[in-house]
Amino acid sequence: MDHSTHIRLNEDELTEAVLTGATVFGPGNERIGHVSRVYGGGTDIHVVIDVGGFLGIGSKPVAVPARDLDFMRDGSNSVHALTRWTKDELKEMPQYVE
């Protein structure tokens, strides 16, 4: 997928309603998970990414600052994100527990 033509989200769009469910792509453009939860506010928004697994089974939730992801919309208005972390690097992070 060529992300260069996608429209970056502005700070006002970084809300739970917009980000929840967004697919997260790694540095090699591979799907590595999806956003399952958004918390915080203002400039301190965090997202929980469910990494790995299949249909929600066996995935590991990890929390990262939203500012460390590049959120955008594709041509069909679907929100997704790019991250510099690989799936393995995210899986090594501490598990998010509510």
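The values are calculated or read from the model by the stated rules, or taken from the named source; none is laboratory data. Just so it is clear, the structure is predicted and the values come from calculations on it, not from any experiment. Heads up, the Cβs are rebuilt from the backbone with ideal geometry, glycines too, and the neighbour counts pull from every protein chain shown.
Okay, here's what the table says:
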item: Residue check for V62: under 15 Å from E16 (Cβ atoms) and at pLDDT 95 or above; result: no
item: Among (1) out of contact with any Phe, Trp or Tyr (no Cβ under 7 Å at 6 or more places or on another chain); (2) farther than 18 Å from M1 by Cα; (3) surrounded by 15 or more Cβ atoms within 10 Å (Cβ to Cβ), the one test that D70 misses; result: (2)
item: Residue that is surrounded by fewer than 17 Cβ atoms within 10 Å (Cβ to Cβ), without any contact (Cβ under 8 Å) to a residue 60 or more places away in the chain and of a type in the set (G, A, S), where the choices are G41, G33; result: G41
item: Number of positions in segment 75-98 that are under 11 Å from P27 (Cβ atoms), in contact (Cβ under 8 Å) with a residue 60 or more places away in the chain and hydrophobic (A, V, I, L, M, F, W, C); result: 1
item: Failed item, numbered, when S59 is tested on (1) in contact with an Asp or Glu (Cβ under 7 Å, 6 or more places away or on another chain); (2) surrounded by 19 or more Cβ atoms within 10 Å (Cβ to Cβ); (3) not basic (K, R); result: (2)
item: Scope segment 12-30; condition touching a helix residue (DSSP H, G or I) at 6+ places or on another chain (Cβ under 9 Å) and either surrounded by fewer than 18 Cβ atoms within 10 Å (Cβ to Cβ) or in a loop (DSSP other than H, G, I, E, B) (or both); matching residues; result: E13, L14, G26, N29, E30
item: G33 under 23 Å from M1 (Cβ atoms) and either modelled with pLDDT of 95 or more or in a loop (DSSP other than H, G, I, E, B) (or both); result: no
